[in-house]
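Below is one structure, written out as structure tokens; comments come after it.
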Amino acid sequence: MNSSILPIRPHFAAKASGVDLRIKLSSTDVANIEAAMDRYGVLVFDDQRISDEEQLAFTKNFGEIENAQGGNITKEHERRLQHGMIDVSNLDQSGRPYDRNDRRRMFNLGNRLWHSDSSYRAVPAKYSLLSARTVTSHGGNTEFADMRAAYDALDEDMKALVEDLICEHSLLYSRGSMGFTELSDGERAMFRPVRQRLVRTHPVTGRKSLFLSSHIGTIVGWQIPEARDFIRELIEHATQREFVYAHVWKQYDFVMWDNRQTMHRVRRFDESLPRDMRRTTVAGTTVTADQVTNVA
Ligand SMILES: [Fe+2]
């Protein structure tokens, strides 16, 4: 691979050129991409006309494909894409944009809140990889926030305060914050909260970052209003423009990010038009906090 990697911001997000993601990578290529991910957190490739099979094969270079079960309200018979592919389009099975009031659309609006993918899983995701198959001409940017820089910018008192805090994450909380509260008993059970450290350390670089997400509903040992106020303040801090890279999508862009050191959100776009975005997710390998099993 005759590739180059150039930073987009001095320390955050980079553009990779001279790479064809459809071709099997050597172990050196994979190591180079991993190293760029460790360093920049977000990696942008353009003009990648990739199939679902090729995207899945490329994703497997970096670990296991995450089991998507429990991450959405879309039912098995409503799937548009094969297993392993996460459908973050606005399309139903027939390829048409969802009706405005479609329940799946309401649920997916939660992707416009700042979050880290799968932070609601006991073992949260490593990487997400997003392929833009069809884009709209305006809107729909994905914004990424650098959680290492956000941590580094905290003062010493704040660093001491957050160091050992444990948060509870759930899709119930992120969707609930948007007023999406009508869930079946099965969905509620599926979205049972999990625990995550608020400060996590990157397994390769050793850098600390804030593990923030709109999936956070409370902090263990805190009253909920105080916890939510505190988390809101931290998210405001962490998503100041100086920590954010906004990606403006072109068709066939392919962007991968490290959920262990970034947050992201998608912005509004014209939902009467098709926007076909297909994600794959590399599973994480470890919990960040001990889980509590309910015995009552
Ligand atoms: Fe996401």
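The values are calculated or read from the model by the stated rules, or taken from the named source; none is laboratory data. Since we're looking at a predicted model, the values are computed, not measured. In this analysis, Cβ positions are derived from the backbone assuming ideal geometry, glycine residues included, and neighbour counts consider all displayed protein chains.
Yes or no: Ser128 within 13 Å of the ligand (Cβ to nearest atom), within 20 Å of Gly206 (Cα to Cα) and at pLDDT 95 or above?
Against the criterion (within 13 Å of the ligand (Cβ to nearest atom), within 20 Å of Gly206 (Cα to Cα) and at pLDDT 95 or above), Ser128 does not qualify.
Restricting to region 66-112, what's the tally of residues that are over 19 Å from Leu56 (Cβ atoms) and of a type in the set (Gly, Ala, Ser)?
Residues in region 66-112 being over 19 Å from Leu56 (Cβ atoms) and of a type in the set (Gly, Ala, Ser): 4 in total.
From Ile23, Ile33, Ile50, grab the single residue that is among the β-branched types (Val, Ile, Thr) and either within 16 Å of the ligand (Cβ to nearest atom) or assigned to a helix (DSSP H, G or I) (or both). Spell out the reasoning first.
Working: Ile23 fails: either within 16 Å of the ligand (Cβ to nearest atom) or assigned to a helix (DSSP H, G or I) (or both); Ile50 fails: either within 16 Å of the ligand (Cβ to nearest atom) or assigned to a helix (DSSP H, G or I) (or both).
Exactly one of Ile23, Ile33, Ile50 is among the β-branched types (Val, Ile, Thr) and either within 16 Å of the ligand (Cβ to nearest atom) or assigned to a helix (DSSP H, G or I) (or both), namely Ile33.
Tell me the residue from Gln223, Gln196 that is among the polar types (S, T, N, Q) and touching a Ser or Thr at 6+ places or on another chain (Cβ under 7 Å), please. Explain how you work it out, then say what you get.
Working: Gln223 fails: touching a Ser or Thr at 6+ places or on another chain (Cβ under 7 Å).
After ruling out the rest, the residue left standing is Gln196.
Among the candidates Tyr98, Tyr120, Tyr40, single out the residue that is away from the ligand (no atom under 16 Å from the Cβ), more than 16 Å from Met277 (Cβ to Cβ) and surrounded by 16 or more Cβ atoms within 10 Å (Cβ to Cβ).
Step by step, each of Tyr98, Tyr120, Tyr40 is checked, and only Tyr40 is away from the ligand (no atom under 16 Å from the Cβ), more than 16 Å from Met277 (Cβ to Cβ) and surrounded by 16 or more Cβ atoms within 10 Å (Cβ to Cβ).
Identify, from the list Leu273, Leu212, Leu198, the residue that is farther than 30 Å from Thr134 by Cα and either of a type in the set (Val, Ile, Thr) or out of contact with any Asp or Glu (no Cβ under 7 Å at 6 or more places or on another chain) (or both).
Leu198
When only residues in region 234-276 that are of a type in the set (Val, Ile, Thr) and in contact with a Ser or Thr (Cβ under 8 Å, 6 or more places away or on another chain) count, which is farthest from the ligand (Cβ to nearest atom)?
So in region 234-276, the residues of a type in the set (Val, Ile, Thr) come out as 235, 239, 244, 248, 255, 262, 266.
Going one step further and asking which of them are in contact with a Ser or Thr (Cβ under 8 Å, 6 or more places away or on another chain), we end up with 235, 255, 262, 266.
Numbers: Ile235: 15, Val255: 11, Thr262: 10, Val266: 7 Å.
Only one residue fits best here, namely Ile235.
Conditions (1) more than 15 Å from the chain's Cα centre (by Cα); (2) aliphatic (A, V, I, L, M); (3) part of a loop (DSSP other than H, G, I, E, B), marked per residue:
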residue	(1), (2), (3)
Gly179	yes, no, yes
Arg200	yes, no, no
Thr205	yes, no, yes
Ser214	no, no, yes
Glu226	yes, no, no
Glu242	yes, no, no
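Taking only region 47-62 into account, find how many residues are surrounded by 16 or more Cβ atoms within 10 Å (Cβ to Cβ) and of a type outside the set (A, V, I, L, M).
Summing the residues that are surrounded by 16 or more Cβ atoms within 10 Å (Cβ to Cβ) and of a type outside the set (A, V, I, L, M) in region 47-62 gives 7.
Please determine, by comparing only the residues of region 9-19 that are exposed (fewer than 15 other Cβ atoms within 10 Å of the Cβ) and in contact (Cβ under 8 Å) with a residue 12 or more places away in the chain, which one is farthest from the chain's Cα centre (by Cα).
Gly18
Considering only region 123-164, how many residues are surrounded by fewer than 17 Cβ atoms within 10 Å (Cβ to Cβ), part of a loop (DSSP other than H, G, I, E, B) and over 17 Å from the mean Cα position of the chain (by Cα)?
7
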